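The values are calculated or read from the model by the stated rules, or taken from the named source; none is laboratory data. What you see is a predicted model, and the numbers here were worked out from it, not measured in a lab. Positions of Cβ are generated from backbone atoms using ideal geometry, with glycine treated the same way; all protein chains shown enter the neighbour counts. Accessible surface areas use protein heavy atoms only, side chains included; no ligands, DNA or RNA. Shrake-Rupley method; radii C 1.70, N 1.55, O 1.52, S 1.80 Å.
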Amino acid sequence: MDSQFSPPRPADDPGARPRADWWRQAAVYQIYPRSFADATGDGLGDLPGVTSRMGYLSELGIDAIWLSPFYPSALADGGYDVDDYRNVDPRLGTLEDFDAMVAAAHAANIKVIADVVPNHSSNRHEWFTAALAAAPGSPERARYHFLDGLGENGELPPSDWPSHFGGPAWTRITESTGENAGAPGQWYLHLFASEQPDLNWDNPEVREDFHTTLRFWADRGVDGFRVDVAHALVKDMSLPLRSKPSLEITVDDGTDALFDRDEVHEIFAGWRSVLNEYDPPRIAVAEAWVPFTHRRLLYARPTGLGQAFNFDLLQAPFAAGEFRNIVARCLSEAETSGASSTWVFSNHDVVRHASRYSLPDGTDAAAQDAWLLSGGREPAGDPERGLRRARAATLFMLGLPGSAYLYQGEELGLFEAADLPLESLQDPTWFRTGRKAKGRDGCRVPLPWNSTEEHLGFGGSPWLPQPGWFATHAVDTQDGVAGSTLEFYRSALAWRRKLQTTEALQWVSAPDATLAHYRRPNGWEVLTNFGTTPADLPAGLDAARIVVASGGITRDPAHIPGETTLWIAP
Ligand code: GLC
């Protein structure tokens, strides 16, 4: 770091934003609890592990942590199959450990966001157990979607709907009561794994229970919620069920059979009233994989959840024009909704962006699946280039107005663990596709903290094996090392606090098609060269004022290196 400029420390935060608006430009760090940090020494990350690393998180310079589910679960879908919404998985800790974690986070000026999973419970939830034990047509069954099958003896599923993880979205049960006891009976709906029965949101009891869950965690000090598959809660279950052989959203007018229906917004208006009972109001961010249309912003309205993910940059090729267009349209979408925009490149559901960008241009999601299946060999990637582009994209994104969502391990420059031994795979995708798609385990491998320890900081054998190269990315190999990805993130996040004083952005026309250049009204300039060869530094910019550069600071007054982002201070 240049001695002329040193990054502000977190304590230096001007704190200019009103308390209730903390989320508008927050840097939110996603924790996948089983893979973050292990305090109990059993190879599984846990809540005391998160507490023990609060110093690390604070030094990283983030504003909030979002924890993927830590609730009791059989882990049929990594915890997104929740047995009990108002408890902690005993393997991860206790409610007291949760309280201690929240207290430690708040003491470090870090907010806490919990993941709420309303579309489905697990098949071990007490409601589902009761539904199986009860008869067709009972109030117990009415909390889910149970239907008789088609065909002469009900042997065919009620519709052709597929599940997200492969296979049909319906499973037939064996009845346990009445004259049919012991015989094949009704079918229940699960848009995800069969261990994730979809809840019936037309049932007032379901609605009421989620209000109780929101209050339960908000009372314990949670600052907000990430809402899992928010666009799927309400389905058109009128008979006969409509055919929908693919999970694509086919109409964007709120009448699709399964997704993005108008009625979900009534539910979230109810949630907003609950969240507004608190001071400051609790925030919520929708995970809604809906395409960019006028409907996406409905989730982000202040009368709704308040913010919504968009996955546009995550799905875009690394190219100046694409990035510029997406940013422009997301910012205008945010302005219309009244929310701030969200940005994300990596999470627990996608191939890590350092790996995505290492693959040849044009490698789409299907081709990424094939790449994973080949153990990360076909097509051959260029990891050095992948990380260079990932750092450039991240720095471009961190300079934008809005909330930046970061995924644990990206600050270490981690790649996807593409060659996990097949017998270690746990993602339901692997099993439900008949072992044709490996799924998401490769981005969920436990983090490397200490390169000198057998399990890199995890006490026992981790629940997913860490590849050999993980050690070279461990925190201890990067801490204090100039140019490391960890120090790059720390520096960018520290400077970000200076840069994010307003929410406006002005594009500066760039002479070069491979360049994206924007200015914040407080005078900060962000420039990304998406090309592979050096671009001219636009006239009037002072290389001496570069404070962060994704490829390391050089004071070349004339050029921006290829695949590099620069931040230039006013
Ligand atoms: C969301 C989660 C994903 C999970 C799915 C079902 O998309 O991010 O991990 O498998 O919902 O809950």
When you look at Tyr56, is it modelled with pLDDT of 95 or more, hydroxyl-bearing (Ser, Thr, Tyr) and within 16 Å of the ligand (Cβ to nearest atom), yes or no? no
In segment 167-180, which residue that is of a type outside the set (Gly, Ala, Ser) and out of contact with any Ser or Thr (no Cβ under 8 Å at 6 or more places or on another chain) is nearest to the ligand (Cβ to nearest atom)? Pro168
Return yes or no: is Ser340 within 27 Å of Ser424 (Cβ to Cβ), part of a loop (DSSP other than H, G, I, E, B) and either assigned by TED's automatic domain parsing to the domain that holds Ala26 or away from the ligand (no atom under 16 Å from the Cβ) (or both)? no
For the structure I just gave you, tell me whether Trp289 is aromatic (Phe, Trp, Tyr) and surrounded by fewer than 21 Cβ atoms within 10 Å (Cβ to Cβ). yes
What tally of residues in segment 247-280 results from selecting those that are open to solvent by 50 Å² or more (accessible area, probe 1.4 Å) and among the small types (Gly, Ala, Ser)? 1
Scanning segment 59-77 for residues that are out of contact with any strand residue (DSSP E or B) (no Cβ under 7 Å at 6 or more places or on another chain), within 22 Å of Ala107 (Cα to Cα) and within 15 Å of the ligand (Cβ to nearest atom) gives Phe70
Any residue in segment 348-374 that is over 10 Å from Gly386 (Cα atoms) and touching a residue at least 40 places away in the same chain (Cβ under 8 Å) sitting within a Cβ distance under 6 Å of a residue that is open to solvent by 60 Å² or more (accessible area, probe 1.4 Å) and not in a loop (DSSP other than H, G, I, E, B)? List the pairs, counting only those 6 or more apart or interchain. none
Among the listed residues Ala131, Ala135, which satisfies the condition of being over 24 Å from the mean Cα position of the chain (by Cα) and part of a helix (DSSP H, G or I)? Ala131
Taking the residues in segment 133-166 that are open to solvent by 60 Å² or more (accessible area, probe 1.4 Å) and in contact with a strand residue (DSSP E or B) (Cβ under 9 Å, 6 or more places away or on another chain) as candidates, determine which candidate is farthest from Phe268 (Cα to Cα). Asn153
Take Ser243 and tell me if it is of a type in the set (Gly, Ala, Ser) and without any contact (Cβ under 8 Å) to a residue 12 or more places away in the chain. no
Of all residues making up segment 102-126, the number that are farther than 16 Å from Gly185 by Cβ, open to solvent by 30 Å² or more (accessible area, probe 1.4 Å) and of a type outside the set (Gly, Ala, Ser): 5
Answer yes or no: is there a residue in segment 370-386 that is open to solvent by less than 10 Å² (accessible area, probe 1.4 Å) and in contact with a helix residue (DSSP H, G or I) (Cβ under 6 Å, 6 or more places away or on another chain). yes
Might you check whether a residue that is out of contact with any helix residue (DSSP H, G or I) (no Cβ under 7 Å at 6 or more places or on another chain), at pLDDT below 95, within 16 Å of the ligand (Cβ to nearest atom) and aliphatic (A, V, I, L, M) occurs anywhere in segment 310-328? no
Can you give me the ranges of the strands (runs of 3 or more DSSP E) entirely in segment 163-248 with at least 3 residues that are under 26 Å from Arg296 (Cα atoms) and within 24 Å of the chain's Cα centre (by Cα)? 224-227
Please indicate, with yes or no, whether at least one residue in segment 181-199 is more than 16 Å from the ligand (Cβ to nearest atom), open to solvent by 50 Å² or more (accessible area, probe 1.4 Å), out of contact with any helix residue (DSSP H, G or I) (no Cβ under 7 Å at 6 or more places or on another chain) and farther than 30 Å from Arg432 by Cα. no
Given (1) surrounded by 21 or more Cβ atoms within 10 Å (Cβ to Cβ); (2) more than 25 Å from Arg24 (Cα to Cα); (3) touching a His at 6+ places or on another chain (Cβ under 7 Å), where does Tyr80 come up short, assuming only one miss? (3)
Here are the criteria: (1) modelled with pLDDT of 65 or more; (2) out of contact with any Ser or Thr (no Cβ under 7 Å at 6 or more places or on another chain). Tell me which single one Ala26 does not satisfy. (2)
Got a sec? Which of Arg444, Arg432, Arg440 is within 22 Å of Ser52 (Cα to Cα) and in the same structural domain as Glu59 (by TED's automatic domain parsing)? Arg444
Does any residue in segment 453-464 that is closer than 18 Å to Arg91 by Cα come within less than 6 Å, Cβ to Cβ, of a residue that is open to solvent by less than 50 Å² (accessible area, probe 1.4 Å) and among the hydrophobic types (A, V, I, L, M, F, W, C) six or more places away or on a different chain, and which pairs are these? Gly457/Trp449; Trp463/Leu44; Leu464/Val445
For segment 417-452, what are the residues that are within 16 Å of the ligand (Cβ to nearest atom) and hydrophobic (A, V, I, L, M, F, W, C)? Leu425, Trp430, Phe431, Ala437, Cys443, Val445
